[in-house]
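Below you'll find the structure, written out as structure tokens, and then a few comments.
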Amino acid sequence: MKHPEDDPQYQGLKVNKGIPQPPSVNPQLKKRSRRQYTVDEYVDGILSGNIPMLSQAVTLVESANPEHQDVAQAIIEKCLPHSGKSIRVGITGVPGAGKSTSIDAFGMYLIKQGHKLAVLAIDPSSERSKGSILGDKTRMEKLAVEKNAFIRPSPSAGSLGGVARKTRETIILCEAAGFNYVFVETVGVGQSETAVHSMVDFFLLIQLAGTGDELQGIKRGIMEMADGIVINKADGDNIEKAKMAQRHFKNALHLYPLPESGWTPEVLTYSGYYGIGIEEVWDMIHRYIDFVKQNGYFERRRNEQSKYWMYETINERLKNDFYRDEEIEKLLPRLEEEVLSARKSSFVAANQALQQYYRRRNKI
């Protein structure tokens, strides 16, 4: 490397050589490779309540690697007989309604009762960068340090169906690990509600008061799915507004037909931040669980959910198989160009792609 000091005009100047820089990584440091466990070791660890082992198993479930998926499915198969003994609660609400703060408060109430809680939070991924903040743990300050709580945020990564299926499989692992309550938090009011509703026993809608028309922006479908509605931030000057919102929602629910469960959804007020009304919310949830267990709807709904996820898994596998086909990957850009240049209709192009796929599958 040439230095200005080496110029002849500086020949009277003596420049000492610098010392050689040490490597940035310690050469004595040996790279650690994570030990690969067998399926039986994973299962034994999960059944004994080993949280690191449970976390690694969930990572295998979430992995797109086919080898990891094979191991994950084998683990799930062996854990299945030990699952199904928890109460699964889906929690949704408009952004800013205080879902994470409420989960922290609800969860701590259960922990103090001696229960074990798993929180599975689907985190929204950026459509541009495909990245996720996965920051739910930072808003669940008390639960995050509890040994009887397991918080696992999962990025939706643009594939809601995929992450919902993986969340469903994660529930099985958490139940096998001894967690008798499971919360599934959605990304907010949107299409994720249908997926979450299909994997929980009780669907809770969190709402705010004092935001104008309390019913505005709430889709009829979500109102019909809710087994209970709670108005958050019912404290201080907001108590009267919360009670007014409670009346609005009760009146709105009377317009809907009685749910298949036979249960009339209740509307309560509470404050997640101050911990006011938490016990009443749980009384409502437990009354619902007792009610649907007595009339047989609890078991019927779980059976319907299992059947639903069987068909959802088939649909997802078929879609993935189609788009990963080598010939289809080459064909789709050409068809897309013909559709955009109006040389071919969207339906004809789709039909051509499917016919090509079926021909290839018949040859294999």
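Flag: ILE239 does not match the condition of being within 26 Å of the chain's Cα centre (by Cα), surrounded by 14 or more Cβ atoms within 10 Å (Cβ to Cβ) and among the β-branched types (Val, Ile, Thr). The C-beta contact set for the stretch 292-310 (first residue assigned to a helix (DSSP H, G or I), second residue among the polar types (S, T, N, Q), distance under 6 angstrom, 6+ apart or interchain) comprises VAL292/SER261; TYR297/SER261; GLN305/SER198; TYR308/SER198.
ALA252 - would you say it is surrounded by 13 or more Cβ atoms within 10 Å (Cβ to Cβ) and at pLDDT below 90? Yes. For the condition of a type in the set (Ser, Thr, Tyr), within 27 Å of the chain's Cα centre (by Cα), farther than 20 Å from ILE222 by Cα and surrounded by 15 or more Cβ atoms within 10 Å (Cβ to Cβ), what is the one hit in SER261, SER306, SER271? Result of the check over SER261, SER306, SER271: SER271. If the condition is being of a type in the set (A, V, I, L, M, F, W, C), within 19 Å of PHE298 (Cβ to Cβ) and either surrounded by 17 or more Cβ atoms within 10 Å (Cβ to Cβ) or touching a Phe, Trp or Tyr at 6+ places or on another chain (Cβ under 8 Å) (or both), then the stretch 57-90 contributes ILE87, VAL89.
Select from the stretch 99-121 the residues that are of a type outside the set (S, T, N, Q) and surrounded by 23 or more Cβ atoms within 10 Å (Cβ to Cβ) and list them in ascending order. I'd like the intermediate steps shown before the answer.
Kept after step one, since they are of a type outside the set (S, T, N, Q), are these residues of the stretch 99-121: 99, 103-112, 114-121.
Result: LYS99, ILE103, ASP104, ALA105, PHE106, GLY107, LEU117, ALA118, VAL119, LEU120, ALA121.
Looking across the stretch 53-98 at every residue that is of a type in the set (D, E, K, R) and over 18 Å from the mean Cα position of the chain (by Cα), the one that is nearest to GLU141 (Cα to Cα) is identified as LYS85.
The values are calculated or read from the model by the stated rules, or taken from the named source; none is laboratory data. This one's a predicted model, so the numbers in the text were calculated from it and none came from an experiment. Please note: Cβ atoms are built from the backbone with ideal geometry, for glycine as well, and neighbour counts cover all protein chains shown.
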